[in-house]
Amino acid sequence: MKLDKLVGERFKERPSDCVVDSHALMVKGGYMKRVANGIFSMNPPLKRVTKKIENIIRYEMDRIDGQEVLFPVVLPAGLWEESGRYESVGSELLRFRDRSDAPMLLGMTHEEAAVHLVKEFGNTHNRYPFMIYQIQTKFRDEARPRAGLIRVREFTMKDAYSFHLTQEDLEAYYEECLEAYNRIFKRAGIPETITVASDAGMMGGKVAHEFMLPTPIGEDYLAICSHCDYTANMEVAQTIVKNASVPMEALTKVHTPNAKTIEEVCTFLGSDVKQSCKAVVYQKNVDDSYVIVFTRGDMDVNEIKLKNYLGEEVYPAIITEESGIVAGFIGPVNFAGNATLLFDISLEGIDSLVIGANEVDYHSTGFNVERDYGEVTYVDLSKILENGICPKCGQETIQLSRGIEVGNIFQLGTKYTESMNMTYTDENGDVKYPIMGCYGIGVGRLAASVAEAHHDDYGPIWPITIAPWEVHLCCLRSDDAETKDFADNLYKAMKDEGIEVIYDDRQVRPGFMFSDADLLGVPVRVVVSPRNLKESVVEISTRDKAIQMKVPTDRVMHEIKGLIEELYKEANRI
RNA sequence: CGGAGUGUGGCUCAGCUUGGUAGAGCGUUGCGUUCGGGACGCAAAAGUCGCAGGUUCAAAUCCUGUCACUCCGACCA
């Protein structure tokens, strides 16, 4: 490929709307162009990158006996009505009607389609286990796309679905898939990726893991133990609190004018935030009834845990006069409103607390839950803290980090097979539901994540496994006949050898040329110039500058091939 | 869906406060000089100032509405 014909416009300046580096570099480098909010077209360089990522994924999925299939993008609503998700999923599912007014939808995930495809095939136990996967466009009408390819509305995803006779078999396969995923991320150039326990969300099921690339621009928060191997999404990280023992005191009402927040109250009273009790109010989506969570003053409510505990959706409350809730002064004692009161685990063992008195400008001190309120069940509803206690090793070694979710795996159980009535007959003639697992990787997001993790000020630094080309050939001074001739021949020779090469023979200044080369991030750069030819050498370097050498002109092909081989070997080392 | 901000040639932006009918740099086209980290000179093309109303003799500028984008939050495999 010659660079002067490469489709896509590159820019000198960083595009103003781009906040994260991977987004900025991809727009600046002509990798993609925005079409609509969260919807992009890909130019050849990015298409080449994602194609290579897809092929790595294919290789690894096939290696664990996956069979590639293809489901439709457009699905009839009826299929999703079977599983109940046509109703339960919100407006991120794009629903529309076809010409005969039949309700349709754009696939955002394909459990229903997968079950539909193999329902008959899977009617006998002889055929299990098996896994099918596809690499295909998904559409999710996200409320807020952001960060280029990190969160988009339309994207390519590899989604896989496995079917098993027993939970043990699912678990064994789940492990295999987890390992395959780790190989994929390593080979694609982000060996930094870690596996964390996660919430199953709308997918259903109990056990789930996410593959996270730790980075400050990530959207998820992770709890990582620096002492043992515990890792979890903060959504599910178990909070453990050890409270210092404090002397019991009598429950005493005190005047706290204008002190509404925990900080204000504790400052006013001169008390420790850790001995205060914070009330956070929610309402249930289903009937708007109130739920109040009491936590220790320094803790925050983890809404995912709350939703999972209640088994239903909640939203931050709008507190009305009629509710009987005195905002800013809420406490468990003499609570007059109508609400479900929950006590977070962080309050357990504190014998004396500052609480709201349910009266404007009054709090109470010396609150003891058991003595003044009664026996309660403490529930884990709060977010784990930095330097919190690790649920696995018990040390105070939890570190919080942000991460991009590049993949996920779920043990689904029989949620879809039951709702869609997919059954098999076992060896005893009994009819049973198969057990499912599902496994996803966002291809574009993975490409963006690699760029995010590996770039410099001038552009992405692609690993050779997914780079748009293997070699970037620069001919400086193509107006010089001898130089041009040599470069042309080298270009042809590389193509003949099957090397993927992008050739820049434009009559532009060297700096201009190198800037474009940096933006394309191709791992091997070869520079042919009059200056080099005078010494009978050609310059070969890597994009990351780890290797920079001058090789004799008669050994150029040999050296290039050797370097490429070396880079592949390094990148594929598992 | 709430809060904040921004919309001016392909890109990055100035002009708006205090209305007088549009500018710069980059990029593009042509010619010439240059040539190892985004060169320079000359010439040229390119914008109904997001859109729609309104105020005014006159609107990029003031007012109203609307749309789009970015950020924060809510939401979210």
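Atom-type composition of the exposed protein surface of the stretch A:91-142 places 48 percent of the accessible area on carbon and sulfur (1.4 angstrom probe). When each of the peptides A:352-359, A:330-337 is scored by how many other beta carbons lie within 10 Å of its residues on average, the order from highest to lowest is A:352-359, A:330-337.
Of the two radii for the stretch A:155-277, the radius of gyration is 1.18 times the Kirkwood radius, both from the alpha carbons; that is the Rg over Rh value. In a simple Cβ point-charge model (Lys, Arg +1; Asp, Glu -1; nothing else charged), chain A has a dipole of about 2080 debye relative to its Cα centre. Among the chymotrypsin sites (Phe, Trp or Tyr not before Pro) found in the stretch A:501-574, not one is both in a DSSP coil and sparsely packed, with 11 or fewer other Cβ atoms within 10 Å of its Cβ. Contact order, relative form, for the stretch A:155-273: 14 percent (alpha carbon pairs under 8 Å, 6 or more residues apart, mean separation divided by residue count).
Show me the trypsin sites (Lys or Arg not before Pro) within the stretch A:372-459 that DSSP assigns to loop and that have at most 16 other Cβ atoms within 10 Å of their Cβ. The qualifying sites are A:LYS392. Sorting the Cα pairs of the stretch A:278-431 by distance into bins of 10 Å, from 0 upward, gives 9, 29, 28, 16, 12, 4, 1, 0 percent per bin. On a per residue basis, chain A carries 46 Å² of accessible surface, using protein heavy atoms and a 1.4 Å probe. All Cα-Cα separations within the stretch A:496-574 were binned at 5 Å from zero, giving a P(r) of 3, 13, 23, 26, 22, 9, 3, 1, 0, each value a whole percent of the pairs. Summarised as an ellipsoid, the stretch A:455-525 has semi-axes of 21, 17, 6 Å, derived from the eigenvalues of the Cα gyration tensor scaled by 5 and square-rooted, with the largest first.
Solvent-free Debye calculation, one equal scatterer per alpha-carbon of chain A: log10 I(q)/I(0) at 0.06, 0.11 Å⁻¹ equals -0.43, -1.08.
Only four residue types carry charge here, +1 at the Cβ of Lys and Arg and -1 at the Cβ of Asp and Glu. Report the dipole size of the stretch A:31-150 about the Cα centre in Debye, rounded to the nearest 20.
The dipole of the stretch A:31-150 has a size of about 780 debye.
Restricting to the stretch A:34-151, what percent of DSSP beta bridges are antiparallel, rounded to 5?
Around 75 percent of the beta bridges assigned by DSSP in the stretch A:34-151 are antiparallel ones.
Helical runs assigned H by DSSP (4 residues or longer) give chain A a calculated mean residue ellipticity at 222 nm of -8000 deg cm²/dmol, each run adding -39500 (n - 2.57) before division by the residue total. Remark on the stretch A:200-353: Rg and Dmax equal 17.9, 51 Å (Cα only).
Efficiency by 1/(1 + (r/R0)^6): what FRET value for A:GLU82 and A:ARG127, r their Cβ-Cβ distance, R0 = 35 Å, to the nearest 0.05? Result of the calculation: an efficiency of 0.95.
Across the stretch A:471-574, C-alpha contacts under 8 Å between residues 6 or more apart give a mean separation that, scaled by the residue count, equals a relative contact order of 27 percent. Within the assembled protein chains, the solvent-accessible surface assigned to A:THR252 is about 60 Å², based on a 1.4 Å probe.
For chain A, A:CYS18, A:CYS177, A:CYS266, A:CYS277, A:CYS438, A:CYS474, A:CYS475 stand unpaired, since no other cysteine beta carbon lies under 4.7 Å from theirs. DSSP assigns beta bridges within chain A; of those with both partners inside it, close to 80 percent run antiparallel.
Take every Cα pair under 8 Å whose residues are at least 6 apart in sequence, average their separation, divide by the length of the stretch A:86-165, and the relative contact order is 31 percent. Packing order of peptides A:555-567, A:19-31, highest average first: A:19-31, A:555-567 (average count of other Cβ atoms within 10 Å over each peptide's residues).
When the GluC sites (Glu not before Pro) in the stretch A:409-453 are filtered for DSSP coil states and for at most 12 other beta-carbon atoms within 10 Å of their beta-carbon, the remaining sites are A:GLU427.
The values are calculated or read from the model by the stated rules, or taken from the named source; none is laboratory data. Small disclaimer: the values here were computed from a predicted structure and weren't measured. Note that each Cβ is placed from the backbone with ideal geometry, even for glycine, and that neighbours are counted across all protein chains shown. Accessible surface is based on the protein model in full, side chains and every heavy atom, while ligands, DNA and RNA are left aside. Shrake-Rupley method; radii C 1.70, N 1.55, O 1.52, S 1.80 Å.
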